[in-house]
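Below you'll find the structure, written out as structure tokens, and then a few comments.
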Amino acid sequence: MAGAEVSATAKPFFVLPQRLSEDLLVSALEEAQRLQMDDHEDEADWLPAYETYVMEKATMDTLDQGLRSAVIALEQAALPLVQKAYDCPTCVSCTGFVRRYLPQERMRVPPHFDITAYATIILPLSPPQNYTGGFFVQPTAHVDSRRFVPLGLGDLVVHDFTLNHGIEVLHGGRYSLILWISETLEACHGSHTPWHAQRARDGDAVAQHLLGMMFSHGNGAPQDDLRALEWTLLAATNGLANAQFSAGTMYFEGKGAPVDYNRSFYWYEKAAEQGDASAQIIVARMYWEGLGSPADSELAAYWYRLGSLQAAKGVALSGPQWLLYS
């Protein structure tokens, strides 16, 4: 997993084979398919999430037996590993939710870091023959570093917050059950993420980026665009492409600082040079328009070709819509 998107403090991720029985999975999937899914915006790409929370602040309220049993089995199978492998003996299951990926709804989540989870446990509920693709890791900004992780029936994925990962369902449909793990019960109940702050102060680019996102969205921290930009710039200066893209967008939209197309272009180009497809398309448009840089049709064509090649491989583009699509 060596790559520019990997944190200096990154831990391994794990696949635990066949930890849950087929009968339990069948029952949980049947109940998941009856759930009313919420279409609130996902912070990874601001598209409808199609998910339902089944555990909040370490509490399950009204939950049918099949899903309740799956959550309990998931905890028993993976939480001890989280506590040991990630040096977190006080870690607890805090948030649980079911997600679905269906044609005409949502088929992907772009590469991202889990903002408010110390660690994450993922259980595909759908049999592997029901879909192709699924969970992937992507250690750099370029799609060619993406690797799908084969998961059989009852297999689990366990990873910490430093893993750049996503979902891409190529065909079929997929339901999954996810648990977000908190460092302590107190942090869970207070919706706090104290594990990011010290790492960020110590120079960890992923933790800095996540703090920036938390301040930007008011998720786990007070909404504060100025502090969001400060942490984002630290992560961007430390070379994290995700943060460089975010810095470009913040300067473009005037979040945390006045609109500055020159600085926006500077950071978008840094992300583009690392292989970020969205940044490549945006840099092409900015060169074409002479926005933040002198107009240059040849460079515009060059960057557009690179971004388009990745988009043709299924990369979901994100960023200011005017720059991407108009």
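Round to the nearest 10 and give me the degree value, 0 to 90, for the angle of helix 261-273's Cα axis relative to the longest principal axis of the chain. Relative to the chain, helix 261-273 is tipped by roughly 60 degrees. Overall, the accessible surface of the stretch 44-170 at a probe of 1.4 angstrom is composed of carbon and sulfur to the extent of 52 percent. Among Leu210, Leu20, Leu179, determine the one that fluctuates most according to a GNM of the chain built with springs between C-alpha atoms less than 10 Å apart. Result: Leu20 has the largest fluctuation of those listed. With a Förster radius of 25 Å applied to the C-beta separation of Glu41 and Ala312, the computed FRET efficiency comes to 0.40.
Specify whether the C-alpha gyration tensor of the stretch 206-309 places it in the rounded, prolate or oblate class, a ≥ b ≥ c being the square roots of the eigenvalues: rounded for a/c under 1.5, otherwise prolate if a/b is larger than b/c and oblate if not. In terms of gyration-tensor shape, prolate. A 1.4 Å probe run over the chain, with the rest of the protein chains in place, finds 44 Å² accessible per residue. Pairs of Cα atoms in the stretch 129-230 fall into 5 Å distance bins, from 0 up to the last occupied one, in shares of 2, 10, 16, 18, 17, 15, 13, 7, 2, 0 percent. Assuming a ≥ b ≥ c are the square roots of the Cα gyration tensor eigenvalues, decide whether the stretch 137-188 counts as rounded (a/c under 1.5), prolate (otherwise, with a/b larger than b/c) or oblate. It comes out oblate by the Cα gyration axes.
Rounded to the nearest whole Å³, what is the per residue volume of the convex hull around the Cα atoms of the chain?
Numbers: hull volume 39.4 nm³, N = 326.
Dividing the Cα hull volume of the chain by its residue count gives 121 Å³.
Taking a spot 7 Å from the Cα of Gln18 along the direction of its beta carbon, which residues of the stretch 61-92 have an amide N less than 18 Å from it? It comes to 74, 77-78, nothing else.
Using the alpha-carbon centroid of each, what span in Å lies between the stretch 243-262 and the stretch 94-167? Their Cα centres are 29 Å away from one another. Hey, what angle do you get for helix 22-34 against the long axis of the chain, alpha-carbon based, 0 to 90 degrees rounded to 10? Between the helix axis and the principal axis of the chain, the angle is about 60 degrees.
Summarising the label geometry, the points placed 7 Å from Cα in the beta-carbon direction at Leu81 and Leu170 lie 2.5 nm from one another.
Only Lys, Arg, Asp and Glu count, each charged at its Cβ (+1, +1, -1, -1), so figure out the dipole size of the chain about its Cα centre, rounded to 20 debye.
Working: 22 positive and 38 negative charges, 105 e Å.
In total the dipole reaches around 500 debye.
Between 0 and 90 degrees, the angle of helix 241-253 with respect to the longest Cα principal axis of the chain falls at about 60 degrees. In a DSSP loop and with at most 14 other Cβ atoms within 10 Å, there are no trypsin sites (Lys or Arg not before Pro) in the stretch 163-255.
If you place +1 on the Cβ of every Lys and Arg, -1 on the Cβ of every Asp and Glu, and leave all else neutral, what size is the dipole of the stretch 97-163 about its Cα centre, to the nearest 20 Debye?
Values: 6 positive and 5 negative charges, 39 e Å.
Charge dipole, the stretch 97-163, about its Cα centre: 180 debye, nearest 20.
Return the FRET efficiency for the residue pair Lys255, Glu186: r is the Cβ-Cβ distance, R0 is 41 Å, and the value is rounded to the nearest 0.05.
On the way: r = 31 Å, r/R0 = 0.76.
That gives a FRET efficiency of 0.85.
For the stretch 169-326, a simple Cβ point-charge model (Lys and Arg +1, Asp and Glu -1, everything else neutral) yields a dipole of about 360 debye relative to the Cα centre.
With both labels modelled 7 Å from their Cα along Cα-to-Cβ, the Leu324 to Arg34 distance reads 3.7 nm.
The values are calculated or read from the model by the stated rules, or taken from the named source; none is laboratory data. Here the structure is a predicted model, which is why all the values come from computation and not from measurement. Neighbour counts are summed over all protein chains in view; Cβ atoms, including those assigned to glycine, are modelled from backbone coordinates with ideal geometry. Heavy atoms of the whole protein, side chains included, go into the accessibility calculation; ligands, DNA and RNA do not. Shrake-Rupley method; radii C 1.70, N 1.55, O 1.52, S 1.80 Å.
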